[in-house]
Amino acid sequence: MSIDERLKLVVSSSLRTILASGKANPPISSFDLLARVISAGPPHAGLLPGSGPAPRLRLTDLRRFEAILECLAEHWDEGVLVISREEGSGELTVLDAQLGRVHKTNMGGRNDGVPHGKKRKRVVDEDADSAAGDAEEEDEKESEVMNRKPAPTTLNSLSKEMKEVYSLLQRGTARGKLLAEQFHSVNSSFEPICANITKEECMKARRELCPDEASASAVTICDRVHFRPLIRPHTDPTLGHCSYLNTCYSEPTYAQSPSIPPMPSHRQHTGFGVQGQSAVTLPSGLGAGGRGKEKAPCRYLHFEVDWAENDGSGYFSHRAEMKKKQHKLGLGFGPTGKETALLPPQWINCDVRRFDYSVLGKFHVIMADPPWDIHMSLPYGTMTDDEMRSMPIPMLQDEGMLFLWVTGRAMEVGRECLRVWGYTRVDEVVWVKTNQLQRVIRTGRTGHWLNHTKEHMLVGVKTVTDANGNLKMPSWANRGLDTDVIVSEVRETSRKPEEVYGLIERMCPGGRKIEIFGRKHNTRPGWLTLGNQLGADQIYEEDLAARIKARYPERSAGLPQNPNHLNRQ
């Protein structure tokens, strides 16, 4: 049996499994369906004849996968597939899928010679006993059920004209495609993690799939990322994995982060808090959570990446190469309407509650991750609801967008603050948190009723209305580029995913951007960061530095030696 035939069996089995479980519902693109087939794992033992492991698909095998889908669309023993390929781009979409013994007379397929609406002629045996008669009746009922025509799906019940309309709606517009190409990531990579975590467990699982010892002896580990457990003198492997893994307060990797405040016993008496408050009380306790690991280190299992040069041999990493575009959309460049060079990262170390925001000027984008009082013990100082409402956010914008991080009870307080500050909430981004092993966190550090595994970022627009009272959206904002869900690994306390900056910069390219309540790891080119843990000020805008110097003569804004060589926005 050739490799293509073996792959076809694997794909057929995986499609049947994911469609029956509801993990994939048409219409779905071939790429998304391939990702679900890969995540479904290897097929069950005995599916393929002969020895050796079953072939595996990768995301780079999209063309081969589409060829298999086209074959299954012609004839599939498990059911019926309806596919459509878009002209020009060549993108393939699975429009409909039905499992079971389906007759394709209404779907353009063959009938297989089985008549509909006719019962099998029953031969009556006068001498047969009642038990045999019952058996024949059951057999006839089963035959009727097998030959019964299934109810048509929504797509199958449409007329030919409506199917054409539906197919057109599945295609992207030229404007959307050009915008997506314009902001496409260069050399993006994805490193999948082995579901067995360690190399030993991976080897064990792969050997169990082998039919004999001879083939099992030749098995190697998969080409995915593996981890090795960290066994320390205080580790008790019987307790299982630590809920926080590399973000556990007792882990050296966590303590070494420059964005983490010192341990309570090492703090100076001058105090430490979000806004210079006194030293806060950190949580304590063994295992999942406490920073009191000065007294008791975490006894749960932790991991580190287990990698060697010969791991994943034969795996070719496909990198995306930017192609020269013949056409470019003349919009999507932000307020200036053209591409502009970004200034280096700027920051002002200050008490954000008392700083005079009038010296900062106007901004097109504001992002804030406030220290909300969520009525829990946190490793940093918090601000009251009244302090948050009184923040001078309105003076920073005449027109623009505000991105506000909220969690817990702050989800309601944040919405209220938007209204008080003069904003209208137009959307919301959800960050689904994963741990070091790329699994959803089941034990969050926040939450009174349920453990939180996500955070929310409210998206607001400055409330400016036209003559008819309708909300005016910023004309320079790009809409429809990204989704409202980010799945990303957690890091230090209160540190947000890097993906959110890309989302905001694609939606609002160019222009002035400010982040409030930031730390050193938040500083980025094109952004001004405000916070009280940033060190000496660094300003590259001459007019901003002059206004700060005039308002605060005691401050020394760090201007470059020759600021004129920078292109200001």
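The values are calculated or read from the model by the stated rules, or taken from the named source; none is laboratory data. The model shown is predicted, which means the values in this text are computed figures rather than measured ones. Here the Cβ is made from the backbone with ideal geometry for all residues, glycine too, and neighbour counts use every protein chain on show. Calculation scope for accessible area: heavy atoms of the full protein, side chains included, ligands and nucleic acids excluded. Shrake-Rupley method; radii C 1.70, N 1.55, O 1.52, S 1.80 Å.
Miscellaneous remarks
- Three-way shape call for region 369-416 based on the alpha-carbon gyration tensor, with the a/c threshold at 1.5: prolate
- Subset of LYS454/LYS520; LYS496/LYS520; LYS433/LYS496; LYS362/LYS462 violating a 19 Å alpha-carbon distance limit: LYS454/LYS520
- Solvent exposure of region 433-539, expressed per residue, is 45 Å² of accessible area, with all protein chains present and a 1.4 angstrom probe.
- Note on ALA67 and TYR166: their simple-model spin labels are 2.9 nm apart, each label 7 Å out from Cα toward Cβ.
- Computed over the Cα atoms of region 364-481, the ratio of the radius of gyration to the Kirkwood radius (Rg/Rh) comes to 1.02.
- Divide the volume of the convex hull around the Cα atoms of region 1-43 by the residue count and you get 68 Å³ per residue.
- Per-selection metrics, region 473-565 (Cα): Rg and Dmax in Å: 16.1, 46
- Region 413-501: radius of gyration over Cα atoms, expressed as a fraction of 2.2 N^0.38 Å: 1.35
- Each residue of region 72-86 is assigned a 3J(HN,Hα), and the resulting list reads 5, 5, 6, 7, 9, 5, 8, x, 9, 10, 10, 10, 8, 10, 6 Hz, derived from the Karplus form 6.51 cos²θ - 1.76 cosθ + 1.60 (θ = phi - 60°), x at Gly and Pro.
- Scoring 335-345, 508-518 by mean Cβ neighbours within 10 Å over their residues and listing the highest first yields 508-518, 335-345.
- Derived scalar couplings ³J(HN,Hα) [region 384-391; Karplus, 6.51 cos²θ - 1.76 cosθ + 1.60; whole Hz; x for Gly, Pro]: 6, 4, 5, 4, 5, 5, 8, 4
- Cα pair distances of region 415-463 binned at 10 Å [whole percent]: 24, 35, 28, 14, 0
- Inter-label distance for VAL426 and GLU542, nm, one decimal - labels placed 7 Å from Cα along Cα-to-Cβ: 3.5
- Protection proxy ranking of 204-216, 418-430, 399-411 - average other beta-carbon atoms within 10 Å, highest first: 399-411, 418-430, 204-216
- Restricting the calculation to Cα atoms, every distinct pair contributes to the Kirkwood radius of region 8-84, found to be 12.9 Å.
- 3J(HN,Hα) couplings calculated from phi for region 227-243 with the Karplus curve 6.51 cos²θ - 1.76 cosθ + 1.60 (θ = phi - 60°) are, in sequence order, 10, 10, x, 9, 9, 10, x, 9, 6, 10, x, 5, 6, x, 6, 5, 5 Hz; Gly and Pro show x.
- Each Lys or Arg adds one and each Asp or Glu takes one away; over the other residues whose Cβ falls under 14 Å from the Cβ of PRO55, this sums to +2.
- A simple spin-label model places the labels of ASN468 and LYS454 3.4 nm from each other, with each point 7 Å out along Cα-to-Cβ.
- Estimated at 0.36 nm per residue, the fully extended path between SER21 and SER390 surpasses their Cα-Cα distance by 127.8 nm.
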